[in-house]
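Enquirer: Here you go, one structure.
The values are calculated or read from the model by the stated rules, or taken from the named source; none is laboratory data. Owing to the predicted nature of the structure, the values given are computational and were not obtained by experimental measurement. Here the Cβ positions follow ideal geometry from the backbone for every residue, glycine too, while neighbour counts run over all protein chains shown. Calculation scope for accessible area: heavy atoms of the full protein, side chains included, ligands and nucleic acids excluded. Shrake-Rupley method; radii C 1.70, N 1.55, O 1.52, S 1.80 Å.
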Amino acid sequence: MYIVYDGYQKEVIYSEGITIPGIRIKLDDEEVPEFKPSLLVRTADMEVVEGSTVDDHYWTISYSWNQSGEIFKNDDGEYDRVDDGKHEIITYQSGEEESYDWMPVESVDRDTASTQYGKFEQVIQQICSDFGVQYVWYDQMCINQNDHDAKIQEIKQMHHIYKNARCTIALIPELEFIGDTNEAGLDNTDLNVIPESQWSRRIWTLEEAYMSRTILFLGRNVHLWSSDLDIHGVREVNHFLENIQNKADNWRASTALWYARTRTSTKAHDRVFALVNIFPELKHGVTFSYRQPLIDLMVQFYGLLAQKDISILLFGSPHYIDSDQEIAAVRQEEASLLPSWTGAAGVHLSQDQLDNEHVESTADYTIDEKYLNITSAFIPIRIEPADSVEIHDPEDGPHNGYTEDGLPWVLCDADEGGEDVNIADEQVLTFVAVPSESQDDYPNYIKHSGLKTTHFLPTKEADEGWISTLSKPTHISAVLSLTKECSECFVLTEVVFPLRNELFQFHPVVGKYEDHYESVGACFLLCELNFDSFIDQAKQDFVIE
């Protein structure tokens, strides 16, 4: 695929996409980092030079490989690229400086437009010229793709390369100003193009964006600085753009895997190599080699990631099915190869859904190759098939406030023989499956997290508090999001992640299948209900495959 770069650039100055013409370099003065990549490109003549000889700042390029030329599969089954110089570059002569309120910007004389066609490196050179970049790093010129050892060496330090760059230019040719105006008559651009772009579909660009200090999102004829994202309410545009700018909290394992789920790579090994660079402290335990069997590499990495952060268990059934066939195929293959505790069969929960200040996970666990061994107290649960249980108005449920004494509601045992209680004497919580054809008729408290409610816990108000019931109408006091059917399941109560909405807290669920356990998803318990009487305090060892 060939792209177009138009030197008559507009800058997006608000999340609504409002633009002004011209280029402003919005970077603070800062010291030149000591780290330099092995090789850099001098943009004046596009010559490759030793990084150690450069005393100035360098920039990096982040782009989708398939937008740098024509991609094809060679005789060895590997993908390769041909660049026939069909990229379109539009240049102009300088115009007079213009001023928009307090913002002086450089302008061009639009009557002097000149179009030429060139190779991808010529596009890079023109961009660097327009934005005053003297040295740049990007993989096509700075990594010897034919030297396996040299390539691996650069991959190992990819996080250093992007972290120490003064700025990363993210090429998003789909982003463009097309002349539309908003209701106030101001020029605007649709920023939703960014999360839908080819750049947002590649796994390496995820790592590059996360590690970069500043990003210049550069479209065909419009650009946006990441330093403006948190100022102008970018949450309305996309959570990813907000999260890559606000890195006060390092990403948890679940967050990285949440974003990685919609990303692909040309080589399967690169999915792991990119994720390792997001968690560089794991590098020492990972074998960097394209010759290593993929399954060995994946188990190696996911084991280290789980040992670092138990939030790898924060996953459930996806609310939306991947419509992209390439992404769906990748996820299906990973689910068939990886242990259940990696969450490859489901969708992880991003940490922006969590109350990270009150995580109270106390379970002891270890990783033994493909097995996660965890010791925890638990709540046994049973699954009943879909029934005709009606859900009462959720606004009247136990999540709508505390008792008159200011205490949490209690999910308690009913009197022996109570008709409304299902197996209460066995201390088992009974969940009812949500009919697939009735999904829209059931309150989905976790839809905003990207997970689907597959089962719910029906409850009914009683004198003692709230009791489990299969009578109707009923309230919802807990929900499950399971990736696999199971008849005997356990909620691990010592792995606790409170949600930011303060309604529910998350616990992982494991299912028993003959002689082994599997991670099957999530249980969300109402924070304002006390489930203590159902917790089996006699801790159990779960060996999860």
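Enquirer: Looking only at strands (runs of 3 or more DSSP E) that fall completely inside the stretch 475-540, which ones have 1 or more residues that are open to solvent by 30 Å² or more (accessible area, probe 1.4 Å), among the charged types (D, E, K, R) and without any contact (Cβ under 8 Å) to a residue 60 or more places away in the chain?
Expert: Filter on the stretch 475-540 gives 504-513.
Enquirer: Restricting to the stretch 48-92, and then to whatever is open to solvent by 80 Å² or more (accessible area, probe 1.4 Å) and more than 31 Å from the chain's Cα centre (by Cα), can you tell me which residue is nearest to residue 111 (Cα to Cα)?
Expert: So, considering only residues that are open to solvent by 80 Å² or more (accessible area, probe 1.4 Å) and more than 31 Å from the chain's Cα centre (by Cα), the one nearest to residue 111 (Cα to Cα) is 86.
Enquirer: Limited to the stretch 1-24, what total is found for residues that are within 29 Å of the chain's Cα centre (by Cα), of a type outside the set (D, E, K, R) and at pLDDT below 85?
Expert: Count: 7.
Enquirer: Out of (1) outside any loop (DSSP other than H, G, I, E, B); (2) at pLDDT below 95; (3) crowded, with 22+ Cβ neighbours inside 10 Å, what's the single condition that is false for residue 175?
Expert: Result: residue 175 passes all but (1).
Enquirer: Output the residue which, of all residues in the stretch 103-140 that are modelled with pLDDT of 90 or more and over 19 Å from residue 173 (Cβ atoms), is least open to solvent (accessible area, probe 1.4 Å).
Expert: 137
Enquirer: Quick check: anything in the stretch 197-219 in a helix (DSSP H, G or I) and modelled with pLDDT under 70?
Expert: No, the stretch 197-219 contains no residue that is in a helix (DSSP H, G or I) and modelled with pLDDT under 70.
Enquirer: Now, a different point. Mind checking which residues of the stretch 314-351 are closer than 11 Å to residue 262 by Cβ, among the hydrophobic types (A, V, I, L, M, F, W, C) and in contact with a strand residue (DSSP E or B) (Cβ under 8 Å, 6 or more places away or on another chain)?
Expert: 327, 330, 347
Enquirer: Could you list, in sequence order, the residues of the stretch 305-323 that are of a type in the set (Val, Ile, Thr), under 21 Å from residue 373 (Cα atoms) and over 15 Å from the mean Cα position of the chain (by Cα)?
Expert: Within the stretch 305-323, 310 is the sole residue that qualifies.
Enquirer: Please give the number of the condition residue 156 fails out of (1) in contact with a helix residue (DSSP H, G or I) (Cβ under 7 Å, 6 or more places away or on another chain); (2) at pLDDT below 90; (3) of a type in the set (Lys, Arg).
Expert: (2)
Here is a yes/no grid of residues against (1) open to solvent by 40 Å² or more (accessible area, probe 1.4 Å); (2) under 16 Å from the mean Cα position of the chain (by Cα):
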{"site": "271", "(1), (2)": "no, yes"}
{"site": "282", "(1), (2)": "no, no"}
{"site": "288", "(1), (2)": "no, no"}
{"site": "293", "(1), (2)": "yes, no"}
{"site": "303", "(1), (2)": "no, no"}
{"site": "325", "(1), (2)": "yes, no"}
{"site": "332", "(1), (2)": "yes, no"}
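Enquirer: From the set of residues in the stretch 437-474 that are part of a loop (DSSP other than H, G, I, E, B) and open to solvent by 50 Å² or more (accessible area, probe 1.4 Å), which is modelled with the highest pLDDT?
Expert: Going through the qualifying residues, I end up with 452.
Enquirer: Determine which single condition residue 317 fails, assuming it passes every other condition in (1) open to solvent by less than 20 Å² (accessible area, probe 1.4 Å); (2) free of Cβ contacts under 8 Å to residues at least 60 places away in the same chain.
Expert: That leaves (2) as the condition not met.
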